[in-house]
1. Would you check if Asn274 is part of a loop (DSSP other than H, G, I, E, B) and either touching a Leu at 6+ places or on another chain (Cβ under 9 Å) or modelled with pLDDT of 90 or more (or both)?
2. Within the stretch 107-141, how many residues turn out to be closer than 27 Å to Ala263 by Cβ and either within 31 Å of the chain's Cα centre (by Cα) or not hydrophobic (A, V, I, L, M, F, W, C) (or both)?
3. Is there a residue being out of contact with any helix residue (DSSP H, G or I) (no Cβ under 7 Å at 6 or more places or on another chain) and either within 22 Å of Lys224 (Cα to Cα) or not assigned by TED's automatic domain parsing to the domain that holds Phe281 (or both) anywhere in the stretch 102-121?
4. What residue, of Asn321, Asn328, is within 30 Å of Lys416 (Cβ to Cβ), in the same structural domain as Lys18 (by TED's automatic domain parsing) and either under 40 Å from the mean Cα position of the chain (by Cα) or not in a helix (DSSP H, G or I) (or both)?
5. Is it the case, given these coordinates, that Phe299 is outside the structural domain of Asn231 (by TED's automatic domain parsing) and modelled with pLDDT under 95?
6. Residues that are more than 29 Å from the chain's Cα centre (by Cα), of a type outside the set (D, E, K, R) and either at negative phi or surrounded by fewer than 22 Cβ atoms within 10 Å (Cβ to Cβ) (or both): does the stretch 210-217 have at least one?
7. Looking only at the stretch 26-41, which residues are out of contact with any Leu (no Cβ under 6 Å at 6 or more places or on another chain) and surrounded by 23 or more Cβ atoms within 10 Å (Cβ to Cβ)?
8. I want to confirm something. Restricting to the stretch 188-202 and keeping residues that are modelled with pLDDT of 95 or more and not in a helix (DSSP H, G or I), which single residue is nearest to the chain's Cα centre (by Cα)?
Amino acid sequence: MTFKDSVALSWRNISGNKLRTAITVAIIALGIFALILIITSIQAASNSLTTSFSTMGANSFSLRFKDRNIRIGGGRQEDNNKTSKSALREKKSNMGKVISYEEAKAFKERYQFPAKVGLALGGPGNIVCNNDRKKTNPDVRVIGGDENYLELNGYTIAYGRNFTETEIESGRSICMLGSGTAAKLYPGNPAKAIDKVISVDHTPYRVIAVLEEKSSSAFFNTSKIVITSYNNIRRLYATQNSSFTIGVMVPDLKMMDAAIGEAKGTFRPIRKLNVKDEINFYVDKSDSIAEALLTNLGFLEKGTIGIAFITLIGAAIGLMNIMLVAVNERTKEIGLIKALGGTSKDIRAQFLYESVLISLMGAVAGILSGVLLGNVVAILLKTGFVVPWAWVIAGIFVCSLVGLMAGLYPAYKASKLDPIVALRYE
């Protein structure tokens, strides 16, 4: 019996038992579907994060009073070399050590490295902005910055102008609108916002600029914002727990390490630290949020692999049982093939091909459905079509192996049947 004949006979047997085949294929497809779906979604999320943070520039960092501590089901470890005791001691020493206005101003004045320094202070979030005709959803953030805030955070002015030093120092109620906020208040022509007075959380502000649209993701929306001066935030919203963020941008990426070292050396005495004291502030590079999120997404990927592995083990057991049932049902057929000159090798090949074909059908069904449904996430995140080719190839290989392993014992049992006994089987 040739290879073509064996495959054709195996396919005929598969197509002759549609319900049994469909159930087995569905079990195998389920495990591969879950794996490919999650991997595709994770890659789409990774592309979205990479796009969002690429506009911030790789040559900037910030000084914060504490770690961002971003978690998605897992933990973020700032330094793998820290012991639990030192981490606990540092965490304790950082409690209440917010970066004050005086400390932030002192750093900006004393930092001698050839780099741009910007100060920022967070304002309220999830607030409503409105003019006399339109209002936004309660999803706008208010941020206080200085004249360097836009450049350090990758924003560009579309209409209007930047803050002046006098406006920053006085804390006047003027603001710049993100593209999303401006489009909501002045649909069709955001330039009309310039010099208009709008209400930001029930406080009147005069608009001096509208920003160009900037890349966003499902994790961070960079357009639904209102930017004012940090002194305006201090005057209206600041509390004892309000902490400044100090941003630094170097002209060349090669200068990053030197700039960070200089920043630490400058800020330590401002924070009243001795030489032996651990630093009570954190240095964040511009891509640290993306790195933290991608690290945590890795935990989800590993968990999915475990679930898919368990599902495939169950599918292999189910496939083996079905193949054993097929051996019993076709005992007389096996005896006839042997009586007509078929060898044990031909019988083994027939059942192995049948098992592998069923498994590969499950793999194809799971991969196609996983990629298609996973790219729904890519569409929502506005990224390109994602195909995790490495995992697709791995899925096909694993399913082939599952089919082979599941069919070994049934094929061996069928090949060892005595043709005379098999022909007399009822």
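The values are calculated or read from the model by the stated rules, or taken from the named source; none is laboratory data. Note that the structure is predicted; figures quoted are calculated from it, not measured. Counting neighbours? That spans all protein chains shown, and the Cβs are built from the backbone with ideal geometry, glycine included.
1. No: the conditions fail for Asn274.
2. Of the residues in that region, 15 qualify.
3. No.
4. That would be Asn321, the only listed residue that is within 30 Å of Lys416 (Cβ to Cβ), in the same structural domain as Lys18 (by TED's automatic domain parsing) and either under 40 Å from the mean Cα position of the chain (by Cα) or not in a helix (DSSP H, G or I) (or both).
5. Working: outside the structural domain of Asn231 (by TED's automatic domain parsing): yes; modelled with pLDDT under 95: yes.
Criteria met by Phe299.
6. yes
7. If the condition is that a residue be out of contact with any Leu (no Cβ under 6 Å at 6 or more places or on another chain) and surrounded by 23 or more Cβ atoms within 10 Å (Cβ to Cβ), then Ile28, Ala29, Ile32, Phe33, Leu35, Ile36, Ile38, Ile39, Thr40, Ser41 are the ones that fit.
8. So the residue we want is Val200.
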